[in-house]
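Okay, so here's the structure we're looking at.
No value in this document is a laboratory result; all are computed from the given coordinates. Quick caveat, the model's predicted, so the values are computed rather than measured. Neighbour counts run over all protein chains shown; Cβ positions are idealised from the backbone, glycine included.
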Amino acid sequence: MTRRQAIAIGSCVWAAVGAAVAFPALGSAGSDARVIVGLASTFGPLAAVAAAWLVVRGHDRAAGALLLVSVLTPTYFAYVLNLPALGVGLALVVVRREIVEPLSRELDAYAR
């Protein structure tokens with residue numbers, strides 16, 4: 001498994017976990033915050049899935065930016081769940097070359 005695949009799988013797992021924590025608690029949100037919490041509960045996991053799709057295609061910085069957006073998923077008391085996505089997102093945006101090898105090397109290795 002390549003690092004790129006591991007990041008993509010981790011992003012999908014984060015999307016599932018974030019949605020599993022955020023959506024059940026949506027009913028307990030106050031009426032004035034329900035729309036904002038609902039939007040964050042929807043777009044956070046969607047951003048993580050989009051990040052997985054982008055990192056597989058070699059768009060690492062855009063994937064990192066979407067992972068940073070996905071950190072806005074409301075996990076309430078389990079805020080620690082957001083930290084891996086925050087760390088990987090920052091790493092992809094700031095030091096992309098050291099984290100994920102260039103896509104051309106992976107494609108060359110796969111073609112052999």
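In this label model, Asp32 and Val80 are separated by 3.3 nm, measuring between points 7 Å along each Cα→Cβ vector.
Each 10 Å bin from zero up to the one holding the largest Cα-Cα distance in the range 3-111 carries the following percent of pairs: 16, 44, 25, 11, 3, 0.
Would you tally the net charge around Leu26, using a Cβ to Cβ cut-off of less than 14 Å, leaving Leu26 out, and scoring K and R as +1, D and E as -1? Don't jump to the answer; show the numbers that get you there.
Working: positive: Arg34; negative: Asp32.
Its environment carries a net charge of 0.
Loop-resident chymotrypsin sites (Phe, Trp or Tyr not before Pro) (DSSP state other than H, G, I, E or B) in the range 1-94 with no more than 10 further Cβ atoms inside 10 Å of their Cβ are absent.
Please report, in whole Å³, the volume per residue of the convex hull around the C-alpha atoms of the range 6-61.
On the way: hull volume 3.2 nm³, N = 56.
Dividing the Cα hull volume of the range 6-61 by its residues yields 57 Å³.
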